[in-house]
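One structure is given below, encoded as structure tokens.
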Amino acid sequence: MSNKITEKFFTQADFSRREKEVLTEVTQETGFQVEREIFRGFIYDRNKVGSLIYRGTWQGKAAVLKLQGLRPEVDEEKMIRHFDAQNQSQLVRVPELYTHFSWNEKRGYGYLITEYIDAPKIYQIPFATSAQMQDFAHFYQEYRTSALTRSWLEPETLDSLAFTIKRVNHWRKISESKKILKPKDYLPYLKRFTDLAEKHLKTVKMVFCHGHLTANDVFKLADGRFVILSNLLWSYRPECYDLAFNLWACTKDIRDLNYTFKDLLGYVGKWLSVYRQIPVVKKDKDFERKMATAMLERCIGVIVVDLVATEFYQQQKNAKYLYHLLGLHQNLFDHFACHLE
């Protein structure tokens, strides 16, 4: 069983309300000295905080403290240990785990302290240079062939279609609760997506992977090695999901009203050209169909929920940015849908 985050949108309380209390308790217990907050994990709403992350020191070492308010199905500490046990790569690793406390019902939280990775992200979202794309491809090949050699979780389902449709229906409910988009903005795309998903996902396998593989989660050390973060999110996803997720993280963060669909298609095309040259990808004779299907799923996510669940786009003054990016992804959806029909 993998961890569920967005699925808990309607049930998650705001963990940040307990921040002062929990942070005091944990720092007294561990001796961690806080320098500053570096991340706040929202679940599609700034009032639904599931985790809080801080930079600081622990036993004289630069470290990171993560407070986990959202109850995980599998603690991140276990994910890290399982990854380390099967990792055969000399190039890819996860942060060193210093200490942890598993999520506890009585306390209502868990925590872990890991090393601080003093290195840049593999590239800065939303735009990667050609050299950075090649760097990502190099990382991906190693991650797929040597760093990830076996699964340590049991799949909840091996049915890619059922898995995807359930998620998309949940996104629709979240979007409707926001009351920002008009039905015409997303319902025609949902219908088309469902038809194409039923046509293609039945023959796309569920595979074990990092479920949040973005440039924000991959750091490159000075010696050329890579460190993967967000280790709570190892899970089963349809084939090519991790490659599509990297692209999604870029396209949904473009805030330039002068950026055209031609620009977007050119940028996506550059990434796909690089993907096609990755040795593990070149072995898959059905890559184009699987990748188009994965990108279609990412596009429907942006169209239905990702934008309206972002605080920036919820503000009326930013409506032009919302509808510009929505339009770009509607066109991108159409582009991949045409390849699949």
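Tabulated results
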item	result
Residue satisfying all of: in region 156-178; modelled with pLDDT of 95 or more and outside any helix (DSSP H, G or I); surrounded by the most Cβ atoms within 10 Å (Cβ to Cβ) among these	159
Subset of region 109-121 (residues that are small (Gly, Ala, Ser) and farther than 16 Å from residue 73 by Cβ)	119
Evaluation of residue 214 against (1) within 11 Å of the chain's Cα centre (by Cα); (2) more than 19 Å from residue 329 (Cβ to Cβ) (one fails), failing number	(2)
Near pairs, Cβ below 7 angstrom, 6+ apart or cross-chain, from region 277-294 (in contact (Cβ under 8 Å) with a residue 40 or more places away in the chain) to any residue that is among the polar types (S, T, N, Q)	278/141; 279/141; 280/141; 280/145
Qualifying positions in region 143-155 - farther than 18 Å from residue 74 by Cα and either small (Gly, Ala, Ser) or surrounded by fewer than 18 Cβ atoms within 10 Å (Cβ to Cβ) (or both)	145, 146, 147, 149
Strands (runs of 3 or more DSSP E) lying entirely in region 184-286 (those with 3 or more residues that are in contact with an Asp or Glu (Cβ under 7 Å, 6 or more places away or on another chain))	206-210
Counted residues, region 88-108 - those being within 19 Å of residue 50 (Cβ to Cβ) and either among the aromatic types (Phe, Trp, Tyr) or crowded, with 19+ Cβ neighbours inside 10 Å (or both)	3
Scope region 124-134; condition part of a helix (DSSP H, G or I) and within 13 Å of residue 246 (Cα to Cα); matching residues	132, 133
Residue 96, sole failed condition from (1) acidic (Asp, Glu); (2) in contact (Cβ under 8 Å) with a residue 24 or more places away in the chain; (3) closer than 30 Å to residue 223 by Cβ	(2)
Flag if residue 164 is polar (S, T, N, Q), under 21 Å from residue 293 (Cβ atoms) and touching a residue at least 12 places away in the same chain (Cβ under 8 Å)	yes
Answer from 111, 123, 140 - the residue that is assigned by TED's automatic domain parsing to the domain that holds residue 271 and surrounded by 19 or more Cβ atoms within 10 Å (Cβ to Cβ)	140
Condition met for residue 117 (in contact with a helix residue (DSSP H, G or I) (Cβ under 6 Å, 6 or more places away or on another chain) and either over 15 Å from residue 247 (Cβ atoms) or not aromatic (Phe, Trp, Tyr) (or both))	no
Residue in region 290-301 that is assigned by TED's automatic domain parsing to the domain that holds residue 200 and at pLDDT below 95 present	no
Meets criteria (in contact (Cβ under 8 Å) with a residue 40 or more places away in the chain and in contact with a Lys or Arg (Cβ under 7 Å, 6 or more places away or on another chain)) for residue 200	yes
Count of residues meeting criterion [among the hydrophobic types (A, V, I, L, M, F, W, C) and more than 22 Å from residue 208 (Cα to Cα)] in region 80-120	7
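The values are calculated or read from the model by the stated rules, or taken from the named source; none is laboratory data. In this text the structure is predicted, and so the values were computed from the model without any measurement. Note that each Cβ is placed from the backbone with ideal geometry, even for glycine, and that neighbours are counted across all protein chains shown.
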